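First up is the structure itself, then whatever we jot down about it.
The values are calculated or read from the model by the stated rules, or taken from the named source; none is laboratory data. These figures come from a predicted structure and were not determined experimentally. Using ideal geometry, Cβ is built from the backbone for each residue, glycine included, and neighbour counts are taken over all protein chains shown. Keep in mind that these areas ignore ligands, DNA and RNA; they rest on the heavy atoms of the full protein, side chains included. Shrake-Rupley method; radii C 1.70, N 1.55, O 1.52, S 1.80 Å.
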Amino acid sequence: MEFSPLEEKTLPISTGDPYAHVLWHQFPPVIRGPQLNIQQLGPQPVAAARSHREGGIHLGADTEANAEARWHSSMLGFRRRLHRVRHSLVARPGRIGHSADMPEIWMPQAIKADLGDHAPCDPGFPPKAIAHITADRNATTAAPQDLVPFARLQNFFTHGGKGMAPHILWDPFTGTFAQFFPATSRSKALQDAPGGTRTNRAGEVVLQIEALFFPHCRADGRVCTRLTDTPCKGWSELNAWVRSWGVPDTWPMGRPTAFVSDRSPHVWSSRGGWYAHAHVPENNHVDPGSWPAFVQEQLGEPGRRTR
């Protein structure tokens with residue numbers, strides 16, 4: 001089945017199209033309700049959104065013009081992701097609609113600790129991943145401290161710290177993961193000042209990773225000064241999962257090598273890839289200080305790290 005132009009909002013979501021059907025349920029545009037699809041919205045997104053507010057739509061104080069702008073932004077992101085999925089499926093004939101062809105909204109290796117409170121990102125911006133460290137103790141070279149147990153941090157993010165939870169908590173010493181939000185939702189690990197960019201949402205996805213680490217932490221009798229001094233167990237799987245959501249293996253502001261900040265609102269809004277917390281506008285943190293090299297998968301060979 002051929003697609004009509006997406007701008008005409010006639011994409012046959014519910015008429016058996018294999019590409020659109022398998023993607024749409026994983027892609028939540030801003031004004032999509034439980035029973036809302038492109039055909040129902042038709043050419044009048046504002047009126048349709050108003051009529052579907054009782055179905056779970058929340059536009060807050062948005063004006064009708066803002067609602068229409070957000071609709072077009074959502075459709076732009078949907079078109080980009082649909083293009084990637086169709087290209088992937090054409091490259092692997094005979095697997096249309098197979099779950100392996102789609103990115104997983106929940107990382108398969110992670111403990112699922114869903115906080116609820118899901119909210120969409122802004123697909124008018126390119127996909128991003130944000131690198132954090134938990135930095136939960138102040139240790140020094142002279143006075144290292146034991147690593148905080150993973151279970152304690154997981155409990156923090158599911159209770160008192162849920163207002164600052166990332167998507168993924170990663171233990172680089174054991175390769176353990178916990179996930180608090182699906183990939184299609186924003187998380188809450190970034191400061192977001194009134195006005196300006198919506199830091200937690202500014203991308204088709206904005207996948208936020210908190211590595212369980214602080215400088216001079218001690219684990220298994222070994223003291224690590226930098227994140228890259230740890231075994232970085234599970235990084236290959238994490239890197240692959242983030243990549244599956246269209247986040248390119250690149251650092252637009254440079255790979256972090258020290259606890260220094262370097263922020264550019266223009267780069268942030270225009271380029272996809274990995275950003276250190278130290279690179280994000282409206283934030284004042286300088287982590288993560290370092291991060292492992294990307295892992296490049298080659299057909300038939302184990303992943304190898306690249307810079």
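List of remarks:
- Checklist (1) touching a residue at least 24 places away in the same chain (Cβ under 8 Å); (2) open to solvent by less than 40 Å² (accessible area, probe 1.4 Å) applied to Cys224, failing item: (1)
- Those residues of the range 165-194 which are loosely packed, with under 15 Cβ neighbours inside 10 Å and among the hydrophobic types (A, V, I, L, M, F, W, C), in sequence order: Ala193
- Any pair with Cβ under 8 angstrom, 6 or more apart, that starts in the range 149-169 at a residue that is touching a residue at least 60 places away in the same chain (Cβ under 8 Å) and ends at one that is open to solvent by 30 Å² or more (accessible area, probe 1.4 Å): Phe150/Thr174; Phe150/Thr176
- When residues of the range 140-155 are limited to those that are aliphatic (A, V, I, L, M) and in a loop (DSSP other than H, G, I, E, B), the one surrounded by the fewest Cβ atoms within 10 Å (Cβ to Cβ): Ala142
- Among residues of the range 257-284 that are within 12 Å of Leu190 (Cβ to Cβ) and open to solvent by less than 80 Å² (accessible area, probe 1.4 Å), those with a beta-carbon under 8 Å from a residue that is charged (D, E, K, R) and modelled with pLDDT under 95 at least six positions away or on a different chain give the pairs Glu282/Asp192.
- Residues within the range 266-291 that are in a loop (DSSP other than H, G, I, E, B) and within 30 Å of Asn138 (Cα to Cα), tallied: 12
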